[in-house]
1. PHE50 - would you say it is assigned to a loop (DSSP other than H, G, I, E, B) and touching a strand residue (DSSP E or B) at 6+ places or on another chain (Cβ under 9 Å)?
2. Please verify whether GLU72 is in contact with a Pro (Cβ under 8 Å, 6 or more places away or on another chain) and not aliphatic (A, V, I, L, M), treating the condition exactly as stated.
3. Could you please find all residues in region 89-106 being part of a helix (DSSP H, G or I) and either surrounded by fewer than 15 Cβ atoms within 10 Å (Cβ to Cβ) or among the hydroxyl-bearing types (Ser, Thr, Tyr) (or both)?
4. Looking only at region 107-146, how many residues end up being part of a helix (DSSP H, G or I) and surrounded by fewer than 18 Cβ atoms within 10 Å (Cβ to Cβ)?
5. Just to be sure, is ASN122 touching a helix residue (DSSP H, G or I) at 6+ places or on another chain (Cβ under 6 Å), on the phi < 0 side of the Ramachandran plot and assigned by TED's automatic domain parsing to the domain that holds VAL157?
6. Search region 63-88 for residues being within 21 Å of the chain's Cα centre (by Cα) and part of a strand (DSSP E or B), and hand back the single one that is surrounded by the most Cβ atoms within 10 Å (Cβ to Cβ).
7. Please tell me if ASP75 is more than 21 Å from GLN39 (Cα to Cα) and either modelled with pLDDT of 95 or more or assigned by TED's automatic domain parsing to the domain that holds MET51 (or both).
8. Could you give every pair whose Cβ atoms fall below 6 Å, whose first residue belongs to region 9-21 and is in the same structural domain as ASN127 (by TED's automatic domain parsing) and part of a helix (DSSP H, G or I), and whose second residue is at pLDDT 85 or above and β-branched (Val, Ile, Thr), counting only separations of at least 6 or pairs across chains?
Amino acid sequence: MFSETVYGNSSMNEFAHIFTDSFQRYDGIVGYAVSKEDQKWQNTTDIDAFMQANKTLDRVTFKPDDFGKDKEIIDIETLPGYNHFTREGIWFGSAWKMWFGHKFFSYIPKEKLLTFTDGYSNLELSNGAISITLYDNIWAYNRPLNREIQWKFRKQVGIDEVAHKTRYNYIKRG
């Protein structure tokens, strides 16, 4: 996660290049780079936190809280940048830049990831891993077109269906 106040003047592409090299060297499973602020608000269920931060609730959907009677929370699954994690810590989501390694392909096939062409770039790396950049500028996450690209990625590659199935161990892993 990157904070614009810390990294705003830095070359995010330079950081991404360094991460790409490390991801390949250490045979990474999955990785992602996202704005710290976007990560926070795309995964926050607390309505009061949104209101205290003067965040708009206009496009937010609510659902009953499973743990609090008569309480509502934000349904983060209606936001394009929310995360899923398996019990093993495998990330499923959509972010500015993402890396997928060989072990991830047992969840979502490599060919399916490579067919996503609506983003900024989709590259097969020298070791056979994949690097996908959804939009050019990490700090432009809230632009409507970038949010649309995040949704397209989630739907086209089946991120949410696979993530939900992994909770119940329906995925056959090689």
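1. Values: assigned to a loop (DSSP other than H, G, I, E, B): no; touching a strand residue (DSSP E or B) at 6+ places or on another chain (Cβ under 9 Å): yes.
No; evaluated as a whole, the condition is false for this residue.
2. Details: in contact with a Pro (Cβ under 8 Å, 6 or more places away or on another chain): yes; not aliphatic (A, V, I, L, M): yes.
Here the answer is yes, as GLU72 does meet what is asked.
3. Let us first name the residues in region 89-106 that are part of a helix (DSSP H, G or I), namely 102-106.
Once the filter is applied, which keeps residues that are part of a helix (DSSP H, G or I) and either surrounded by fewer than 15 Cβ atoms within 10 Å (Cβ to Cβ) or among the hydroxyl-bearing types (Ser, Thr, Tyr) (or both), region 89-106 yields only SER106.
4. Taking region 107-146 first, the residues part of a helix (DSSP H, G or I) are 110-114, 138-140, 144-146.
Pick out the ones that are also surrounded by fewer than 18 Cβ atoms within 10 Å (Cβ to Cβ) and you get 110-112, 114, 139-140, 144-145.
Of the residues in that region, 8 qualify.
5. Numbers: touching a helix residue (DSSP H, G or I) at 6+ places or on another chain (Cβ under 6 Å): no; on the phi < 0 side of the Ramachandran plot: yes; assigned by TED's automatic domain parsing to the domain that holds VAL157: yes.
Answer is no for this residue.
6. Out of the qualifying residues, it is ILE74.
7. Numbers: more than 21 Å from GLN39 (Cα to Cα): no; either modelled with pLDDT of 95 or more or assigned by TED's automatic domain parsing to the domain that holds MET51 (or both): yes.
So ASP75 fails the test.
8. Pairs that qualify, where the first residue is in the same structural domain as ASN127 (by TED's automatic domain parsing) and part of a helix (DSSP H, G or I) and the partner is at pLDDT 85 or above and β-branched (Val, Ile, Thr), are MET12/ILE138.
The values are calculated or read from the model by the stated rules, or taken from the named source; none is laboratory data. Quick caveat, the model's predicted, so the values are computed rather than measured. Reconstructed Cβ throughout: ideal geometry from the backbone, glycine too, with neighbour counts over all protein chains shown.
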